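Participant: So that we are looking at the same thing, I have put the structure below in structure tokens.
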């Protein structure tokens with residue numbers, strides 16, 4: 001992919017240009033370039049150690065690449081003030097922690113910090129918190145101590161905290177992990193609805209290729225830090241790409257609810 005100059009970039013596009021990251025001399029990202037557009041849900045997939053979480057952290061401005069840059073519209077992400085960046089990009093880490101016992105509503109209210117600072121929550125802030133609790137179906141648990149929640153409930157509370165900040169972009173690292181099937185479907189619907197809002201977009205990492213196939217508008221496939229596919233799901237998750245990325249033989253089959261990936265075996269079996 002060629003370099004994307006400011007004139008070629010939409011005002012709300014999130015753009016990665018030739019991102020390179022190395023850890024301990026090992027390449028984690030190798031000149032990864034991609035453009036993420038509002039209105040789309042993009043899934044980043046690949047085997048363990050492929051660089052998925054590192055790419056997401058670079059997109060959120062939480063990791064400085066060794067080379068390359070990330071821009072939001074024409075503005076470099078790392079050039080934005082921290083609070084300004086946090087208002088525009090919401091980041092949900094893979095293993096978020098809750099360090100102290102607070103009720104769910106208080107935890108979700110922390111998502112308003114980029115807007116409220118230290119002055120306390122305004123009426124608009126409280127309204128945003130209530131809306132986030134409603135969207136994640138956590139309103140009935142608003143007064144519960146977060147430390148007493150199940151893993152799935154805690155994941156939904158932390159997602160609500162991100163949504164309370166009303167970002168334009170939602171970047172989520174394995175957001176479906178720990179959720180039961182019903183709440184996975186709820187989260188999928190929420191992601192789709194979020195991306196459908198004006199100038200909003202979603203980028204997430206996923207391990208479940210079937211979910212990526214059915215949920216995403218686009219799929220990026222990483223292998224050893226290199227981008228080997230960037231296309232619509234059926235074009236990105238082809239048997240040839242899956243063999244190259246995962247070392248497996250697979251087929252795309254038709255299921256009652258849409259296309260499915262059928263794993264046949266290891267390439268070397």
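The values are calculated or read from the model by the stated rules, or taken from the named source; none is laboratory data. Bear in mind the structure is a predicted one, so any value in this text is a computation, not a measurement. Don't worry about glycine lacking a Cβ; one is built from the backbone with ideal geometry, like all the others, and counts go over all protein chains shown.
Participant: Taking residue 61 and the conditions (1) touching a residue at least 40 places away in the same chain (Cβ under 8 Å); (2) surrounded by 21 or more Cβ atoms within 10 Å (Cβ to Cβ), which numbered condition does it fall short on, given that it satisfies the others?
Facilitator: Answer for residue 61: the failing condition is (1).
Participant: On the basis of being surrounded by fewer than 17 Cβ atoms within 10 Å (Cβ to Cβ) and either modelled with pLDDT of 95 or more or in contact with a strand residue (DSSP E or B) (Cβ under 9 Å, 6 or more places away or on another chain) (or both), does residue 164 make the cut?
Facilitator: No, not satisfied.
Participant: Answer yes if at least one residue in the range 115-125 is in contact (Cβ under 8 Å) with a residue 40 or more places away in the chain and part of a loop (DSSP other than H, G, I, E, B), and no otherwise.
Facilitator: First pass over the range 115-125, keeping only residues in contact (Cβ under 8 Å) with a residue 40 or more places away in the chain: 115.
Now drop any that are not part of a loop (DSSP other than H, G, I, E, B), which leaves none.
No, the range 115-125 contains no residue that is in contact (Cβ under 8 Å) with a residue 40 or more places away in the chain and part of a loop (DSSP other than H, G, I, E, B).
Participant: Still on this model: Residue check, residue 174 against (1) within 25 Å of residue 47 (Cα to Cα); (2) in contact with a helix residue (DSSP H, G or I) (Cβ under 8 Å, 6 or more places away or on another chain); (3) crowded, with 16+ Cβ neighbours inside 10 Å, all met but one. Which one?
Facilitator: The single condition residue 174 does not satisfy is (2).
Participant: Could you grab me the full set of residues in the range 75-86 that are surrounded by fewer than 16 Cβ atoms within 10 Å (Cβ to Cβ) and outside any strand (DSSP E or B)?
Facilitator: 78, 79, 81, 82, 83, 84
Participant: Hey, any hits in the range 71-94 for a residue that's more than 30 Å from residue 17 (Cβ to Cβ) and without any contact (Cβ under 8 Å) to a residue 60 or more places away in the chain?
Facilitator: Looking for residues that are more than 30 Å from residue 17 (Cβ to Cβ) and without any contact (Cβ under 8 Å) to a residue 60 or more places away in the chain, one finds none in the range 71-94, hence no.
Participant: If the requirement is being in a helix (DSSP H, G or I) and closer than 24 Å to residue 45 by Cβ, which of these qualifies: 112, 161, 130, 156?
Facilitator: 156
Participant: Give the range 240-263 a look and list any residue that's within 23 Å of residue 44 (Cβ to Cβ) and out of contact with any helix residue (DSSP H, G or I) (no Cβ under 8 Å at 6 or more places or on another chain), or say none.
Facilitator: Selection gives 240, 241, 243, 244, 245, 246, 247, 262, 263.
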